[in-house]
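Written out below as structure tokens is the structure these notes cover.
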Amino acid sequence: MVWVVVPAAGSGSRFGGPVPKQYMDAAGTPLIAHTLDALLRHPGVGGAMVALAADDAWWRGIDTLYGKPVLTCTGGASRAESVLAGLLALPDAIRADDFVLVHDAARPNLATADLDQLLERGRTDPVGAILASPVRDTLKRAGEDGGIEATQPRKGLWRALTPQLFRRLQLTRALQSAAAKGVEVTDESMAMELQGQRPLLVEGREDNFKVTTAADMARFEWVLSQRQR
């Protein structure tokens, strides 16, 4: 079984309000609890390491779920720093060449079948893999004045999702290298790409969305209501 690192130290400033978005209630349950449920109910996931802000006052002290350990560590000022902290804090039983998942705290609608595919295909790849979705919308590049400068070809473009799956030591070194060079990576795959690696793309469902706005939260609550029906 693999462990998962969940970076949850962000303030969720784009969402707005005093409560970080990962702790906002969705159908009476904090968003991060839905995320952990989606991860830990999978038989291939053995435990979670949640990277929290140093002054986190919202964490409810979850220490086990489905009989699996949920551990915490102090994250950093950026996603990459929090993921690196989580990787370094994993139990010693997680070996350097073991695969580890990384998943957004505010991405609660992960499908079990998608995680099945990621684990099955990613663990046979020499680098690792990420869930992703092909770009289907027409893309426009804007000028500084807000006008359209060009239509971008979408062929071969994918939207990066999570989880992302890499070996513990390789990802740790990739994140450390990016930090040393002053490069702000926006996901784990980017750190690996900077090392000359080519992670595998595994197509996932488009409803594996990240809650960033109030509209996203309303969408997830609608999804929950449909499940209950």
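The values are calculated or read from the model by the stated rules, or taken from the named source; none is laboratory data. Note that the structure is predicted; figures quoted are calculated from it, not measured. Glycine gets a Cβ as well: all are built from the backbone with ideal geometry, and neighbour counts include every protein chain shown. The protein model used for the area step is the full one, side chains on, heavy atoms only, and it has no ligands, DNA or RNA in it. Shrake-Rupley method; radii C 1.70, N 1.55, O 1.52, S 1.80 Å.
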Practice task
Would you grab the residues whose amide H sits under 5 Å from the one on VAL50? Only those 5+ places off in sequence or on another chain, please, with H modelled 1.01 Å from N.
Solution key: VAL6, LEU71, THR72, CYS73
Fill in the blank from the handout: Regression test value, accessible area per residue of the chain, probe 1.4 Å, units Å², expected 51 Å²
Problem - Among 78-87, 51-60, the order from most to least packed when residues are scored by Cβ within 10 Å on average - result: 78-87, 51-60
Handout entry: Residues with amide H under 5 Å from that of LEU161, placed H, sequence gap 5 or more
Key = LEU131, ALA132, SER133
Problem - Computed helical MRE - 222 nm, the chain, DSSP H runs ≥ 4 contributing -39500 (n - 2.57), nearest 500 - result: -8500 deg cm²/dmol
Practice task
In whole Hz, with x marking every Gly and Pro, tabulate ³J(HN,Hα) for the stretch 19-27 from phi via Karplus 6.51 cos²θ - 1.76 cosθ + 1.60, θ = phi - 60°.
Solution key: 9, x, 4, 5, 10, 5, 6, 10, 6
Practice task
Measure off, as a whole percent, the carbon and sulfur share of the 1.4 Å-probe accessible area of the stretch 47-99, all protein chains present.
Solution key: 54 percent
Fill in the blank from the handout: Out of LEU115, ALA178, GLY156 - ranked by how far each Cα lies towards the positive end of the dipole of the chain, with unit charges on the beta-carbon of charged residues - the top one is GLY156
Practice task
Note down the relative contact order for the stretch 34-139 as a percent, whole number, built from C-alpha pairs under 8 angstrom at least six residues apart.
Solution key: 27 percent
Exercise for the section: Please go through the stretch 144-228 and write out the trypsin sites (Lys or Arg not before Pro) that DSSP classes as loop and that have at most 11 other C-beta atoms within 10 Å. Expected result: LYS155, LYS181
Problem - Charge dipole (debye, nearest 20) of the chain; +1 at Cβ of Lys and Arg, -1 at Cβ of Asp and Glu - result: 380 debye
Problem - Accessible surface of the stretch 131-222, 1.4 Å probe, proportion on carbon and sulfur as whole % - result: 48 percent
Exercise for the section: Please work out how much accessible surface THR186 shows to a 1.4 Å probe, ignoring ligands, DNA and RNA, in Å² rounded to 10. Expected result: 100 Å²
